[in-house]
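Peer 1: The structure's right below; bear with me while I get my questions together.
The values are calculated or read from the model by the stated rules, or taken from the named source; none is laboratory data. Since we're looking at a predicted model, the values are computed, not measured. Note: ideal-geometry Cβ built from the backbone for every residue, glycine included; neighbour counts use all protein chains shown.
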Amino acid sequence: MFILLALTVVLSACSSYNYYAVSNKAITQEYKTYAWLPEGKSKASEIYDNDVATDRIIEATSRELDKKGFALDNKKPDILIRYTADVNTETHTYNEPVYYNAPMQVVPRLGYARGRAFYYYSYYRPLPVYVGSEMRKMKLKEGSVMIDLIDRKTSKVIWRGWAEGSVDNPEKAINELPKVVAQIFKKLPA
């Protein structure tokens, strides 16, 4: 019973997102302050296009940058931050095998008992036979959250971190945003 409970806890802790990061330039000590680009510069799709999702992304990102030693400075920042949150509906195609299950048959049999032969009938169930595959299309919602750190002097992206995962429940996706942003910033070099 304990093993089943432990396995459930471990599997529920696993995230359904994959995390990535790309850096064009080393994040050195010259970058100490940050500021957010105006909301018009950041993009969000219909699920993430609300004040709650925006606040969660901004708060979680600010918290993670504060942990890394950056300070918020809206007057003369070293780094500008932009986020993109998007949900795309993609169609995935799966090939599933198709089997033919022949019906049960009544088969005559010959048996021996006490030196005498006798006939009887028994049921026979043949094994399933592979006859091909069936293409099945499923629509999945793929969500991604992307955060860009932009050098204010050169206007170039110096670091981009993003997460991709399936979005089954919009409310759960919005509630998971702080965890997703925290995992993205684990990819930021210290």
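Peer 1: Checking the structure you have, find out if any residue of the range 161-170 is in contact with a helix residue (DSSP H, G or I) (Cβ under 8 Å, 6 or more places away or on another chain), part of a strand (DSSP E or B), among the β-branched types (Val, Ile, Thr) and surrounded by 11 or more Cβ atoms within 10 Å (Cβ to Cβ).
Peer 2: no
Peer 1: Based on what the data block shows, is residue 144 polar (S, T, N, Q) and within 13 Å of the chain's Cα centre (by Cα)?
Peer 2: Details: polar (S, T, N, Q): yes; within 13 Å of the chain's Cα centre (by Cα): yes.
Yes: the conditions hold for residue 144.
Peer 1: I want to confirm something. Restricting to the range 137-163 and keeping residues that are of a type outside the set (Gly, Ala, Ser) and more than 24 Å from residue 34 (Cβ to Cβ), which single residue is modelled with the highest pLDDT? Give the derivation first.
Peer 2: Initially, the range 137-163 is screened for residues of a type outside the set (Gly, Ala, Ser), giving 137-142, 145-154, 156-160, 162.
Imposing the further condition that a residue be more than 24 Å from residue 34 (Cβ to Cβ) reduces the set to 137-142.
Values: 137: 80, 138: 68, 139: 71, 140: 61, 141: 61, 142: 73.
Step by step, filter the range 137-163, then rank; the result is 137.
Peer 1: Another question, if that's okay. Kindly indicate whether residue 180 is among the hydrophobic types (A, V, I, L, M, F, W, C), surrounded by 10 or more Cβ atoms within 10 Å (Cβ to Cβ) and assigned by TED's automatic domain parsing to the domain that holds residue 66.
Peer 2: Details: among the hydrophobic types (A, V, I, L, M, F, W, C): yes; surrounded by 10 or more Cβ atoms within 10 Å (Cβ to Cβ): yes; assigned by TED's automatic domain parsing to the domain that holds residue 66: yes.
Considered against the rule, which asks whether it is among the hydrophobic types (A, V, I, L, M, F, W, C), surrounded by 10 or more Cβ atoms within 10 Å (Cβ to Cβ) and assigned by TED's automatic domain parsing to the domain that holds residue 66, residue 180 comes out as yes.
Peer 1: Right, next: In the list 134, 171, 164, 176, which residue meets the criterion of being under 19 Å from residue 22 (Cβ atoms) and acidic (Asp, Glu)?
Peer 2: Values: 134 fails: under 19 Å from residue 22 (Cβ atoms); 171 fails: under 19 Å from residue 22 (Cβ atoms); 176 fails: under 19 Å from residue 22 (Cβ atoms).
Of the residues listed, the single one that is under 19 Å from residue 22 (Cβ atoms) and acidic (Asp, Glu) is 164.
Peer 1: Still on this structure, I have one more. Among the strands (runs of 3 or more DSSP E) confined wholly to the range 77-134, which include 1 or more residues that are closer than 30 Å to residue 66 by Cα and at pLDDT 90 or above? Talk me through it step by step, then tell me what you get.
Peer 2: Numbers: elements: 79-100, 105-113, 116-124.
In the range 77-134, 79-100 are the strands (runs of 3 or more DSSP E) which contain 1 or more residues that are closer than 30 Å to residue 66 by Cα and at pLDDT 90 or above.
Peer 1: Would you mind finding the one in 19, 31 that is assigned to a loop (DSSP other than H, G, I, E, B) and either at pLDDT 85 or above or surrounded by fewer than 13 Cβ atoms within 10 Å (Cβ to Cβ) (or both)? I'd like the intermediate steps shown before the answer.
Peer 2: Working: 19 fails: assigned to a loop (DSSP other than H, G, I, E, B).
The unique qualifying residue is 31.
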